[in-house]
Every structure is written in C-alpha cells, then in structure tokens.
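The values are calculated or read from the model by the stated rules, or taken from the named source; none is laboratory data. None of these values were measured; they are calculated from a predicted model. Here the Cβ positions follow ideal geometry from the backbone for every residue, glycine too, while neighbour counts run over all protein chains shown. Accessible surface is based on the protein model in full, side chains and every heavy atom, while ligands, DNA and RNA are left aside. Shrake-Rupley method; radii C 1.70, N 1.55, O 1.52, S 1.80 Å.
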Amino acid sequence: MGKLFIIEQHEEANTDAIAKGLEVAELLGKQPQVFAYCYEYFSGDDYYSPRLAGAAQQRLMKEKQAEVSAHLKELDAEDVPLHIIWSKYLYEHVSNHAGRYGFDMVVKTVHQSEHFLPTDWHLIRSTKVPLMLLSDNPIKKASSILMAVDLDARSQQKQRLNQLVLQHGRQLAEASGAKLHLAHIIRVPKVIRDLEVLNLHEMVKSAWRKHQAMLDQTGLPKEQIHIIAGDPDLCLYQLSCRLKSDYLVIGARQRQGLMGRVIGNTAEQILRRVRSNVLVIPTDEEQTS
C-alpha cells in the first residue's frame, strides 16, 4: 500500500484539503499522512534572543498541533499520522521529503496569488511525485475525469509523460467510477487565429487521421476523445467545465536555473482558470540555461 502526503490547507482556502485528502487516500487505497506547516520570521539578536525565538517557535508549533489534531478528531481520523513542520519554504520540504520517503502523491489546495512565483508554481517545477492541486471553487456534480496529452510529442520523455498521464487517469477513473475523457490540444495562439489564414476544422480532422492508430490503443470511444485547436489553458478550462470534470490530469516539465524561475508552462497557466482538481504528473528534471 502506497502513501499519500496531505498538506493542511492555508487559512484562506475554501476547500478542506485534509478531508479531501483522506477521501482520495481511501479511494486509491493509500495510507494518508498529514503535514502542517508554520513559520514566523524573527528579526535577529538585536530584538530576539535565540532562547526567546526558540520558545516562540515551540509555542507556535504546539498551537498548530492542537488545531490540526482537533480537526482530525472531527473527521474521525485521529489515527492518521500528523507532522508539524517549521519551514520557511514549504515547497522545498515537500519536494525533498515526499520523494525521499516514498510517497506516491501529494495533495494540496490551490493557493490563488497575484504575487510573482507563488508556492504552487514552485511545487509544479520541483515535485518528484504526482501533485494533486485541489480547486478552491470546484464544479458540483462532477462525473468525469479529463486527461490532457500531447499526441504530437516526439521525444521519448514526452511520450513517457503521455503514458504516465494515461496511467494515472485510468487509476482515478477505475477507483471513482467516473467516465474517462482524453484531450489533445493543437496549440494555435490567438494572434494566429485572428489572422484567419488557418483552417482549424481541417487541422482537427488531419490530427484525427494522423493519430487514429494511437487513439484506438486507448480503448476509449470516439465521443470521449477531444481534439481541439486553440490555446491549451482556455481549451482545457472550457472542456473541463462542459464535462464537469472532477479531475484534470496533466503533465508538467521540471525546470532548473534562472530561466526556469521566470518561464511559465501550461500547467501553471491552467491553474489560473480551471475549476477541476488538477493532478500534475512530473517529468524528469530538465536543465534550462
């Protein structure tokens, strides 16, 4: 039986990450563990002695322990292991600990932020295990799971990522009894569409012909396969809303280096729009110069 890493929700979240995480753990047959993070910045020796700062830290951690323990008791989950972590950068501890100690998945609520490079972006770029980000405004009466793949992928790494997305999508669908859908978005930026020099309908028909053999291998009926030309984030948002998808399964590149800190990717753009729970499947890390 695998392990599920559940991150306690932040104060502003509308979604109960612990309750949803426990539900996912039961659904997938995994052992849940809850991690609650706290941190306070102390200005230094001029204002706080190490002894005073240490005492304040212990008090904050005890308060967090009591708070989360009470919530677990309300959920009738007192036997679930609880870890209180003092960490300035949540994503660093999550990425290292989850990968090092054999967790199969991390569950966290989406933290909507207007600040540059929020925690969720860092997690997407550094996670070593699948990351489930819970929508703060979920669609009601969800009935399907949507997988987003890149059928035009040529590199072995991206083809492997497609297989992982299919694998995790199937696992969720089988466990939840939801209908499984597959999406392939032909990336056509709005500025190109506005020029009206491309026949988008013909592009979609051509993609069907090109990938027919691959699509047949999925075993999905044609009505559960969606090929669309447009912006990936907007197309997946509209499609997930139409299908009332509970989960959207996508892949994400891992990035390092300076440019990796400033370049967004499709997974990050989707988080700004989508109302489904997003399961991000990571690739191996790639150096970005």
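Only one entry of Glu78, Glu63 meets the criterion of being assigned to a loop (DSSP other than H, G, I, E, B) and either over 30 Å from Gln167 (Cα atoms) or without any contact (Cβ under 8 Å) to a residue 60 or more places away in the chain (or both), and that entry is Glu78. Among the residues of region 1-27, those that are open to solvent by less than 40 Å² (accessible area, probe 1.4 Å) and either of a type in the set (Val, Ile, Thr) or within 17 Å of Tyr247 (Cβ to Cβ) (or both) comprise Leu4, Ile6, Ile7, Thr15, Ala17, Ile18, Ala19, Lys20, Gly21, Leu22, Val24, Ala25. Please work out if Leu134 is surrounded by 15 or more Cβ atoms within 10 Å (Cβ to Cβ) and within 20 Å of Pro282 (Cβ to Cβ). For Leu134, the condition - surrounded by 15 or more Cβ atoms within 10 Å (Cβ to Cβ) and within 20 Å of Pro282 (Cβ to Cβ) - is met. Checked against the criterion of being of a type in the set (D, E, K, R) and either under 30 Å from Asn14 (Cα atoms) or open to solvent by 80 Å² or more (accessible area, probe 1.4 Å) (or both), the candidates Arg193, Arg187 yield just one match: Arg187. Based on what the data block shows, is Lys30 open to solvent by 30 Å² or more (accessible area, probe 1.4 Å), touching a residue at least 60 places away in the same chain (Cβ under 8 Å) and not hydroxyl-bearing (Ser, Thr, Tyr)? Here the answer is yes, as Lys30 does meet what is asked.
Restricting region 81-95 to residues that are within 20 Å of Met132 (Cα to Cα) and in a loop (DSSP other than H, G, I, E, B) leaves a set whose member that is most open to solvent (accessible area, probe 1.4 Å) is Tyr89. Among residues of region 96-123 being among the hydroxyl-bearing types (Ser, Thr, Tyr) and at pLDDT below 85, the one that is surrounded by the fewest Cβ atoms within 10 Å (Cβ to Cβ) is Ser113.
Name every residue in region 97-115 that is touching a residue at least 24 places away in the same chain (Cβ under 8 Å) and outside any loop (DSSP other than H, G, I, E, B), in order of residue number.
Passing the criteria: His97, Ala98, Gly99, Met105, Val106, Val107, Lys108, Thr109.
When region 56-80 is examined, which residues are found to be surrounded by 17 or more Cβ atoms within 10 Å (Cβ to Cβ) and within 13 Å of Tyr39 (Cα to Cα)? Matches in region 56-80: Lys64 only.
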